[in-house]
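The values are calculated or read from the model by the stated rules, or taken from the named source; none is laboratory data. On a predicted model such as this, the values are computed, not experimentally measured, just so you know. Cβ coordinates were reconstructed from backbone atoms using ideal geometry, including for glycine residues, and neighbour counts include every protein chain displayed.
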Amino acid sequence: MDVVIPIQSLINGEFTDSSTGETMPTIDPSTEEVICHVPKCTPADVDRAVRAADEAFHYGEWSKISPRERGRLMYRLADLMEQHREELATIEAIDAGAVYTLALKTHVGMSIEVWRYFAGWCDKIHVSWEF
């Protein structure tokens, strides 16, 4: 199976290189072969990503969506993960050096179940965050 993996950081909705342009290798721990090179992000890159995530959380589209709709979207993500579980397990097995069946049943399978579990809570928890 050929899998195309994005090799840039996703910051503020855009794939981007690190601010220095430096990269670092991602190693397959089972073979010690280089899988790809990814951006070597700096603390400034991390700060930029955190600021963008905070802004999106408080003022972006997600903040305007009803709890019921958030749950529906999270269930949809779990369904998409289910549809692509073999692809996700292949990526996880290569990246983590995990046995494929472990990646498929545990890493990916349990992730899908966690998304579904928390999707079910979206319209049941009512919290007001004051910062």
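For first residues located in region 89-102 and closer than 16 Å to Ile7 by Cβ and hydroxyl-bearing (Ser, Thr, Tyr), partners that are modelled with pLDDT under 95 and assigned to a loop (DSSP other than H, G, I, E, B) and lie 6+ apart or on another chain with Cβ distances below 7 Å do not occur.
When residues in region 76-103 are screened for being surrounded by 15 or more Cβ atoms within 10 Å (Cβ to Cβ) and among the hydroxyl-bearing types (Ser, Thr, Tyr), 1 of them pass. When Ala52 is tested against the conditions (1) among the small types (Gly, Ala, Ser); (2) under 30 Å from Lys105 (Cβ atoms); (3) touching a residue at least 40 places away in the same chain (Cβ under 8 Å), the lone failure is (2). No other residue among Pro67, Pro29 is in contact (Cβ under 8 Å) with a residue 40 or more places away in the chain, surrounded by 11 or more Cβ atoms within 10 Å (Cβ to Cβ), touching a His at 6+ places or on another chain (Cβ under 9 Å) and not β-branched (Val, Ile, Thr) apart from Pro67.
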